[in-house]
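Single-structure report; data block below.
Each reported figure results from applying straightforward, stated rules to the coordinates on display, with no laboratory input. None of these values were measured; they are calculated from a predicted model. Positions of Cβ are generated from backbone atoms using ideal geometry, with glycine treated the same way; all protein chains shown enter the neighbour counts.
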Amino acid sequence: MFDTTRGPAREQLEPNVVKKLETAGTLVHDDRRLRSFFFDGRFLTARDLTREQTYFLTRQADLGRGGGIGVVAGLHVENGPDPRALRITAGHGVTHSGEAVVIPRDLANVRLDDIPEIQRLDAAFGLAQIPRETARNRSGLYIVALRPVEYTANPVASYPSSAGGTRTAQDGDIIEATAVTLIPYPDSQAGAGYESRRSRVAHETFVRNGGMRPPVDALPIAMIALDHGVIRWIDKYLVRREVGSEQTDFLGFSQAPRALREAHLLQYQQHLKEVLADRKKSNRGERFAASEHFFTLPPAGPLPVAAVDPKSLTEVFFPPEVDVELSVVPEDELGALLEESLFLSPIDLTRTGEELSSTSVLVLVPVPRQSMDQALSTLFPAERSATVQLRATASGLVARRQPGEALRALTLRRTALAADTTTSTSATGPSLADAAWSNLLSSATTLWYARRRNFPYKPAAIGQTVEEPDDLEDDFTKVLREAELYDEFGSLPKRATALAIARAYTLMRGSFLEGDSASGKPLLAGVGGEILRQKWINSGTVQGVQQRYTYANRGMGLSQLINAVAERYRYVIALPHFARASSVAELDKYAFLAITDGKSGLLQETVYESLSSGKTLDDAVAAFRKNYEHPPY
């Protein structure tokens, strides 16, 4: 058991051991961790005691960073009593340098036009060598930040340290405090409207993981827009981050920190609330496209009730290329669904329609738990009647499902089209299910959306089936057989994930279609061979092969090489040669570069001699590499 009456358990090193370890380079020093060694009879100076304080302050800052960086509690920035003032609630937080900033009581009236004070702070913190225009005339975006500061006060007597000295007075206390200051935000869209600039900063912060990085000794708590000293808007979550869950790379997939994802959702909720209030004030209504006010949307969040028309079952909030479906969710599961959706990437509205076509969204209508069974029987009559015998078993399974899995089983089997289009009806009018959806939407007071994962699924299960020409699929199968890859391709379900199968098929088929008549088949064989030779295949395996086969002028060199060998040597390179090779991409690059360097003949001869003598394409590439001074990588 640890003895609390003794000091830390550190090994004391002898001077000769220290010198030996330093010479070997195995003793690491931290210049900040230096403290005085006290013993009886030592003469103490102010320098010794000051160094002792500095040591513990440094260790305290190190421990502060270990617990997380950001706001611990409180520190909410709100509008003050007039348009030129802020209100900051009590709270505390930790800066990037590990220093604690504390506001013990609410600051009810922080005036931004307190010109002398703000200018002195700017100069002291090095934000401006010469004070800029007065705070009353400031315009632009600013970060409201808290900085840890200290000053001396309370003079005490200072006795002389020599026989001829005189007694003086010196400040006897160091007082720690927190200063409120403004940090100018570098905004490249200074000529745009303040609302557009707010959306642009949100896009830079939450999609591109960019934006301004404040000084390490400042804790950002809000961003404000000033128009000649008057506050136009306050947005806390553009820069505010909560302490906790500071995971910077979720499971190694380079996703944004959790605190950043949570901040995006909170920032969007606040921004949407203000947008709705402004549109209501100007009588513009709540039915609008998200791109009118936002550059990006979090993966889940609220949306205006008016965004979905209950009569025609259409929506206008999301771009028309986004696949939008309607579903219901128990109110008590909504939080779990939002939690699950935080791991998905934001919806970037600046992307083109083609890039958004793979985005799928669920529009959710919260329903009380006690009304859920009645809602399901009304909204999904066919599904309910088809599974009536499994009701008891299904009830037990629902409790063990993830929220996303449960919702996929309850999804309305018809996509709600964007824009103001009318829904299709039969000759007898809308179906009973459509009427039930209309009634449910008409009485809804809140709507939420959640981005869905892009899992491969059968076209018959959801959406509209698009059949490809039979001859195209037959050609693909024929090439696999000719390359001796058909059996390996058929065994994919036993040794690959569903996502890897979908990506492998897309990559192989794309290589086949993008090449010309001479290079399409070899490219398919090369890509397929590198993937299918693996014992276990996941999406990372396919992605690695895809990166190797992503380059300019793909297939052009290979096409010229194959035709030249056939014409010059009357030798046709069989597809199994490409399927068994690991350097088809390199061969393609060499062949293209050799055309301009006058080395085509040498490459053709090398390939022919290697294959005709029983060697492989990899041997040919290796032999040519020795005689070629400009490798393609």
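Between amide H atoms placed 1.01 Å from N, distances below 5 Å from E242 occur with V71, all of them 5 or more places distant or on a separate chain.
A straight chain from T477 to R33 at 0.36 nm per residue would run longer than the Cα-Cα distance by 153.0 nm. Between region 336-366 and region 78-107, the C-alpha centres lie 34 angstrom from each other. Could you tell me whether region 518-595 comes out rounded, prolate or oblate from its Cα gyration tensor? Rule is a ≥ b ≥ c as square roots of the eigenvalues, rounded for a/c under 1.5, then prolate if a/b exceeds b/c, otherwise oblate. Taking the square roots of the gyration eigenvalues as a ≥ b ≥ c, region 518-595 is oblate.
Neighbours of N553 by Cβ distance under 14 Å: Lys/Arg scored +1, Asp/Glu scored -1, total -2.
Judged by the ratio a/c of the largest to the smallest principal axis of the C-alpha gyration tensor, region 550-605 counts as oblate, that ratio being 1.5 or greater while a/b is no larger than b/c. Report the local net charge at A145: Lys and Arg +1, Asp and Glu -1, summed over other residues whose C-beta lies under 11 Å from its C-beta. Once all neighbours under 11 Å are counted, the net charge is +1. A simple rule links phi to the HN-Hα coupling: the Karplus curve 6.51 cos²θ - 1.76 cosθ + 1.60 with θ = phi - 60°, which for region 585-597 gives 4, 5, 4, 4, 5, 4, 5, 6, 5, 5, 4, 7, 8 Hz, with x for Gly and Pro. Sorting 616-622, 281-287, 587-593 by average packing, meaning the other beta carbons within 10 Å per residue, from highest down gives 587-593, 616-622, 281-287. Remark: region 606-620, residue by residue, has Karplus-estimated 3J(HN,Hα) of 5, 5, 5, 5, 5, 6, 5, 9, x, 8, 10, 5, 4, 5, 5 Hz, where x stands for each Gly or Pro and the curve is 6.51 cos²θ - 1.76 cosθ + 1.60 at θ = phi - 60°. Kindly identify region 303-354 as rounded, prolate or oblate by the Cα gyration tensor criterion: order the square roots of the eigenvalues as a ≥ b ≥ c, call it rounded if a/c is under 1.5, otherwise compare a/b with b/c, prolate if a/b is larger, else oblate. Verdict is oblate for region 303-354.
In this structure the amide hydrogen of Y571, modeled in the peptide plane, comes within under 5 Å of the amide hydrogens of A566, none closer than 5 places in sequence on its chain. Can you grab the distance from the C-alpha centre of region 490-518 to the C-alpha centre of region 18-55, Å, no decimals? So the separation of the two Cα centres works out to 64 Å. FRET efficiency for the pair E292 and V156, taken as 1/(1 + (r/R0)^6) with r the Cβ-Cβ distance and R0 = 51 Å, rounds to 0.20.
Fully extending the segment from R570 to A277, taken as 0.36 nm per residue of separation minus the present Cα-Cα distance, adds 97.8 nm. Estimated from the Cβ-Cβ distance and a Förster radius of 30 angstrom, the FRET efficiency linking N79 and I175 is about 0.50.
Would you mind counting up the charge near R208? Only other residues with Cβ under 11 Å from its Cβ, with Lys and Arg at +1 and Asp and Glu at -1. Taking every Cβ under 11 Å from that of R208, the sum is -1.
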